[in-house]
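Have a look at the structure below before the remarks.
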Amino acid sequence: MSNTRSIENLTRRWGGGKPNGHIVFYYAHHNRYSINALVGAIENQIEILNVQLHFCRSVPETITTLNQLKDEGVPLLCCVSFSTPAYWEVNKLIGILRSLIKSRLLTIIAGGPHPTGDPFDTLKLGFNFVAIGEAEVSFSKFLPLWLEGKDPTEIPGIVGKIQDGGVANLKKPQPVQLDAYPSFSAKFRCFGPIEITRGCPFGCMFCQTSQIHGTHIRHRSIKSILSHVETLLHYGIRDIRFITPNAFAYGSKDGIEIEPERIENLLASVRETVKDRGRIFFGTFPSEVRPEHVTKTTIRLIKRYTDNTNLILGAQTGSPRLLKLCRRQHTTEDVIQAVSLISKAGLIPNVDFIFGLPGETPEDVTITLKFIDKLIGMGARVHAHAFIPLPGTPFGRCKPIPLNRDLIRHLGRLASQKRLYGQWRLQQELAQKIWNEIIAPQRLGNRPNKCRLK
């Protein structure tokens, strides 16, 4: 049976009749958080527009759903949010849709990290439009124009093709205030973690967060967060998790200097709301913490108010030279201090490292492996990654450095001892595929091709 969510019953309750259009979301595991926020932003429009929503969890289901709807004679909108690792999956989906459904009533729009970083290439895949940046406002404005068959490219954040092969409107939308939009949609049962912060002031060279959400940090109010918590508990969701680029930055004015009293106000309020009805996880997936923000005070708050057994810590490299090159703005000493505090508190420090970074030398690898061994001796587990060039980032057009056999052997040995985990092998293959099939062909054309190492 097709695992879709539909508002058919609600449409009948609102007056019944044929819907004015259908919106089909490609609702895969890798993009659910983005779709949850998008549906939350438009849920109150659906009654007014009289459209029907469908949530499809796979490529075949998305194709089948749209193929079944194509003969109804009303506009169809297929919405696809994706990051670079899903590029080929999405390319397959769009190719099949374009060959199967020739109707002009079908519109396909993309959003998410990859389309925001490279709207040119995304449009070439066969999309009609790309929503760049934060899409809550732009997508809400897009929907009535789509239904009326009007050009939406005057909307900031909506990019479309023009006749000479270029694109229309690369103006990003203004950053949204989080309290104005929910993190998910209770009406359509699209639940997930609560987004409490957007933006990152650090702008690491390999990361898309600052490129998409900007360097000005914004927070959801405690009142709004508690409303989300109550909603999750009401629907039987007991594990309360948060989306944030840096959990310990909550309440901070600049994201650099932390304000522990604001963090405590948040966690104490959530704990008072949850009581024994659920569990609270803070600074674990899908978020993390920065090493210089791990202090005796912030660890005390984790121990007092949350159900954490671990914290995720972004170290990325043990080479001081590479830390500066990546603009991490913390030191290896910060990492050592953080791991020590986390371990002494009886928590597991899960520490992220990236191998194959642009500019990495064999000496950097040796330094990092020695650093990793030291952290493991202090109680850390290592989450190993291979560098992936992501569009829109300063490192986005840098050629991946293959991991050498000695490094892979070392990582494998640590993994066999359960001291290290991660998908670095698959990521290395993916990075090379991205270079060979996406970046290198663009470098042969007229696209900018510089790898920024400063």
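Structure above, values below:
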{"quantity": "Inter-residue pairs, beta-carbon under 8 Å, first farther than 20 Å from Val351 by Cβ and in the range 421-435, second among the polar types (S, T, N, Q) and not in a loop (DSSP other than H, G, I, E, B), 6+ apart", "calculated": "Ile434/Thr84"}
{"quantity": "Number of the condition not met by Ala315 [criteria: (1) surrounded by fewer than 23 Cβ atoms within 10 Å (Cβ to Cβ); (2) assigned by TED's automatic domain parsing to the domain that holds Glu363; (3) not acidic (Asp, Glu)]", "calculated": "(1)"}
{"quantity": "Out of Gly346, Gly379, sole residue that is surrounded by fewer than 15 Cβ atoms within 10 Å (Cβ to Cβ), of a type in the set (Gly, Ala, Ser) and over 26 Å from Ser210 (Cβ atoms)", "calculated": "Gly346"}
{"quantity": "Matching residues in the range 257-299 - criterion: being under 24 Å from Arg238 (Cα atoms) and either without any contact (Cβ under 8 Å) to a residue 12 or more places away in the chain or in contact with a Pro (Cβ under 8 Å, 6 or more places away or on another chain) (or both)", "calculated": "Glu272, Lys275, Asp276, Pro286, Ser287, Glu288, Thr298"}
{"quantity": "Every residue from the range 120-135 that is hydrophobic (A, V, I, L, M, F, W, C), within 23 Å of Ile42 (Cα to Cα) and part of a loop (DSSP other than H, G, I, E, B)", "calculated": "Phe127, Ile132, Ala135"}
{"quantity": "Helices (runs of 4 or more DSSP H) contained in the range 51-119 and holding at least 3 residues charged (D, E, K, R)", "calculated": "87-100"}
{"quantity": "Some residue of the range 242-253 being over 18 Å from the mean Cα position of the chain (by Cα) and either assigned by TED's automatic domain parsing to the domain that holds Gln329 or surrounded by fewer than 16 Cβ atoms within 10 Å (Cβ to Cβ) (or both)", "calculated": "yes"}
{"quantity": "Within the range 173-229, considering residues that are among the charged types (D, E, K, R) and not in a loop (DSSP other than H, G, I, E, B), the one surrounded by the fewest Cβ atoms within 10 Å (Cβ to Cβ)", "calculated": "Lys223"}
{"quantity": "Selection status of Glu72, surrounded by fewer than 22 Cβ atoms within 10 Å (Cβ to Cβ) and more than 16 Å from Arg104 (Cα to Cα)", "calculated": "no"}
{"quantity": "Residue list for the range 313-322, filter: touching a strand residue (DSSP E or B) at 6+ places or on another chain (Cβ under 8 Å) and either among the polar types (S, T, N, Q) or within 13 Å of Leu341 (Cα to Cα) (or both)", "calculated": "Leu313, Gln316, Thr317"}
{"quantity": "Spans of helices (runs of 4 or more DSSP H) in the range 233-326 with at least 3 residues farther than 27 Å from Gly379 by Cβ", "calculated": "260-274"}
{"quantity": "Members of the range 411-434 that are part of a helix (DSSP H, G or I) and surrounded by fewer than 18 Cβ atoms within 10 Å (Cβ to Cβ)", "calculated": "Gly412, Arg413, Ala415, Ser416, Arg425, Leu426, Glu429, Gln432, Lys433"}
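Matching residues to (1) in contact (Cβ under 8 Å) with a residue 60 or more places away in the chain; (2) within 28 Å of Ile237 (Cα to Cα); (3) in the same structural domain as His22 (by TED's automatic domain parsing):
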{"site": "Gly111", "(1), (2), (3)": "yes, yes, yes"}
{"site": "Asp118", "(1), (2), (3)": "yes, no, yes"}
{"site": "Glu154", "(1), (2), (3)": "no, no, yes"}
{"site": "Ile162", "(1), (2), (3)": "no, no, yes"}
{"site": "Tyr181", "(1), (2), (3)": "yes, yes, no"}
{"site": "Pro193", "(1), (2), (3)": "yes, yes, no"}
{"site": "Phe206", "(1), (2), (3)": "yes, no, no"}
{"site": "Ile212", "(1), (2), (3)": "yes, no, no"}
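The values are calculated or read from the model by the stated rules, or taken from the named source; none is laboratory data. Predicted model, so just to flag it, every value in this text is computed and none were measured. Neighbour counts run over all protein chains shown; Cβ positions are idealised from the backbone, glycine included.
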